[in-house]
Amino acid sequence: MADNLSIPVHKPRLWMPERIIFTPAALEESWGQQILARVQALNLPVEELPRNRLTGLRGEDERDTYNIAKRTLAVVTAPPSSFKLSPIPPSADWQFHLAEGCPAHCQYCYLAGSLQGSPVIRVFANLPQILSNLAAYEHSGEATSFEVSCYTDPLGIEHLTDSLAECIRYFGTRQDGHLRWVSKFDAVDGLLDLPHNGHTRCRMSVNAAPVSGRFEGGTASVASRLQALRRLALPRSQGGGGYPVGLVIAPIMLMEDWDEHYGQLLDSISEVLDFDCDLTFELISHRFTPGSKEVLQNWYPQTKLDMDEAKRSIKRNKFGGTKYVYTSDTMKMLRRFFESEIARRFPQACVLYWT
Ligand code: SF4
């Protein structure tokens, strides 16, 4: 039985863009050429832009621009500003980016309001320079974590880029640097044999069935994500990747029978991870900003996502920004539930944070 579970027959969810555009600068990069060879081998249509600016991607309205963007992969070079890293508490010490934009269609998307302009998926051709810049940010003699999924789903575009694998190979050679990534996709075959040296934590973002079924268009199913996580976590001797792994439960939503639905999610996680592994949980409650609400309502005009300010508390950050979060009583109730239900099912796992 265990053997059947170890190697599930599985066809992963792969995004195939309808249009792939390269800037001239991206084609000058060896990593850009590597991406070009990959997408040509997949017979995907490739165009070279006359200049390094991305133009001609606007539709007739916001919704049309969104549709064009989500079918387009642009291969560009990351601007000089991206070589100055920012911290990303509580997830990691630093964030860096191998791409910006994501092919999925989550109606609560975290990128809404944080990335400017058209949500076209831009992947960076100067990845070797991006990686060699990271060493300066490692705290010598102390584990330093780098999050690579703040502005993209790195696994969702991996079959077109190999960029996540390159990051994993790089961190496998570091003394103090550790990589973290998270995804809602499931094509992990290419990651299982990489020399990660235990320096990459692979996480899957999961949610209760009513949230994933209603709001997470274009992603792999939660069951497939969990099978992918199982394969990443299984020891090499059993055909797995032997990675440290994690679950990001996000965004946690208060819905009818929420405790039953989230209890079922935790049950399915424990069924799939039925062996000893290095496991963490990150718990993120649903929140939105005035800016993200406006963008999301343009992208998903029919959405049933609850973004009623009247039912929320306001949280202000030090720069004057406003977030709408659940009220403190709701937060306490949700937090208590998750912490106790996780401790009961996964006594060895570590809950990294609740927010
Ligand atoms: S997977 Fe993440 S980045 Fe992609 S659409 Fe969904 S929420 Fe946005």
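The values are calculated or read from the model by the stated rules, or taken from the named source; none is laboratory data. In this text the structure is predicted, and so the values were computed from the model without any measurement. Don't worry about glycine lacking a Cβ; one is built from the backbone with ideal geometry, like all the others, and counts go over all protein chains shown. In case anyone asks, the SASA skips ligands and DNA or RNA and just uses the protein heavy atoms, side chains included. Shrake-Rupley method; radii C 1.70, N 1.55, O 1.52, S 1.80 Å.
Here are some notes:
- Once you reduce the stretch 192-256 and the stretch 276-355 to the center of their Cα atoms, the two points are 19 Å from each other.
- With contacts taken as Cα pairs under 8 Å and at least 6 residues apart, the chain reaches a relative contact order of 15 percent.
- Local electrostatic count at residue 336 - Lys and Arg +1, Asp and Glu -1, tallied over other residues with Cβ under 12 Å: -2
- Sites residue 143 and residue 193 - FRET efficiency at Förster radius 22 Å, r taken between beta-carbons, to 0.05: 0.35
- For the stretch 45-118, applying the loop criterion from DSSP together with a ceiling of 16 other beta carbons within 10 Å to the GluC sites (Glu not before Pro) yields 60.
- FRET efficiency, residue 268 to residue 43 (Cβ-Cβ, R0 22 Å, nearest 0.05): 0.05
- Using the Cβ of residue 86 as centre and a radius below 13 Å, the other residues enclosed give a net charge of -1, where K and R count +1 and D and E count -1.
- Taking a straight line from the alpha carbon of residue 323, these lysines sit under 29 Å away, with near neighbours fewer than eight places off in the same chain left out: 70, 84, 184, 293, 304, 311, 315, 332.
- Stretch gain in nm, segment residue 135-residue 276, where the contour uses 0.36 nm per residue and the Cα spacing is subtracted: 47.6 nm
- Working note: Debye formula, equal point scatterers on the alpha-carbon atoms of the chain, no solvent; log10 I(q)/I(0) at q = 0.07, 0.11 Å⁻¹ is -0.29, -0.76.
- Relative to the current alpha-carbon distance between residue 63 and residue 165, full extension at 0.36 nm per residue lengthens the span by 33.4 nm.
- Whole-number accessible area per residue in Å² for the stretch 2-354, which is evaluated in the context of all protein chains at 1.4 Å: 46
- Net charge contributed by nearby residues that have their C-beta within less than 12 Å of residue 230 (K/R +1, D/E -1): -1
- C-alpha center-to-center spacing [the stretch 122-150, the stretch 10-70] in angstrom: 24
- Estimated 222 nm signal from helices in the chain, with DSSP H stretches of n ≥ 4 weighted -39500 (n - 2.57), rounded to 500: -9000 deg cm²/dmol
- Given their separation in residues at 0.36 nm each and the Cα-Cα distance between them, residue 304 and residue 337 gain 9.4 nm when the chain is fully extended.
- Exposed-site-free run, longest, the chain (rule: chymotrypsin sites (Phe, Trp or Tyr not before Pro); DSSP loop; at most 14 other C-beta within 10 Å): 1-274
- Shown here for the stretch 14-81: trypsin sites (Lys or Arg not before Pro) in loop regions (DSSP other than H, G, I, E, B) with at most 13 other Cβ atoms within 10 Å, namely 51, 53, 58.
- Percent carbon-and-sulfur accessible area, the chain, ignoring ligands, DNA and RNA, probe 1.4 Å: 50
- Fraction of alpha-carbon pairs over 17 Å apart in the stretch 1-122 - percent: 66
- A Förster distance of 25 Å, applied to the separation of the beta-carbon atoms of residue 325 and residue 223, puts the FRET efficiency at 0.25.
- Using C-alpha pairs under 8 Å with a sequence gap of at least 6, the mean separation divided by the residue count of the stretch 291-332 gives a relative contact order of 27 percent.
- Restriction of the GluC sites (Glu not before Pro) in the stretch 204-260 to DSSP coil positions whose beta-carbon has at most 10 other beta-carbons within 10 angstrom yields 256.
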